[in-house]
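The values are calculated or read from the model by the stated rules, or taken from the named source; none is laboratory data. Quick caveat: nothing in here was measured; it's all calculated off a predicted structure. All Cβ positions, even for glycine, are placed from backbone atoms using ideal geometry, and neighbour counts span all protein chains on display.
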């Protein structure tokens, strides 16, 4: 069984329009499912609704990222977003994380 790796998209967003956030969630989830490259889990907001995170998982997280990158790059709310892709663990047991920024 393939190891599953988390992909986390982190961005600042003063939530006033949940419809836009829900629409973006749908676009990401549809792309992930269409290309069969992983799973979309959920999004989370901090208590002040200023910071949002999208959670995804994949056996090959870089392939997942490449398939959703066009959606992420077109979204005006994701400008400056950080994407953390866990690639596995180092010999000392710490996670190996690649970071991307939009």
I'm checking my understanding of the structure. Among residues of region 14-52 that are closer than 22 Å to residue 3 by Cα and in contact (Cβ under 8 Å) with a residue 40 or more places away in the chain, which one is farthest from the chain's Cα centre (by Cα)? 31
Residues (closer than 15 Å to residue 11 by Cβ, surrounded by 13 or more Cβ atoms within 10 Å (Cβ to Cβ) and without any contact (Cβ under 8 Å) to a residue 60 or more places away in the chain) located in region 66-78: 68, 69, 71, 75
Counting only residues that are closer than 19 Å to residue 14 by Cα, surrounded by 13 or more Cβ atoms within 10 Å (Cβ to Cβ) and touching a strand residue (DSSP E or B) at 6+ places or on another chain (Cβ under 8 Å), how many does region 34-65 have? 7
Over region 34-67, the set of residues under 16 Å from residue 22 (Cα atoms) and in a helix (DSSP H, G or I) is none
Selected residue (only one of 81, 31 is in contact with a helix residue (DSSP H, G or I) (Cβ under 8 Å, 6 or more places away or on another chain), surrounded by 14 or more Cβ atoms within 10 Å (Cβ to Cβ) and over 19 Å from residue 101 (Cβ atoms)): 31
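Looking only at region 68-77, count how many residues are modelled with pLDDT under 90 and in contact with a strand residue (DSSP E or B) (Cβ under 8 Å, 6 or more places away or on another chain).
Qualifying residue count, region 68-77: 1.
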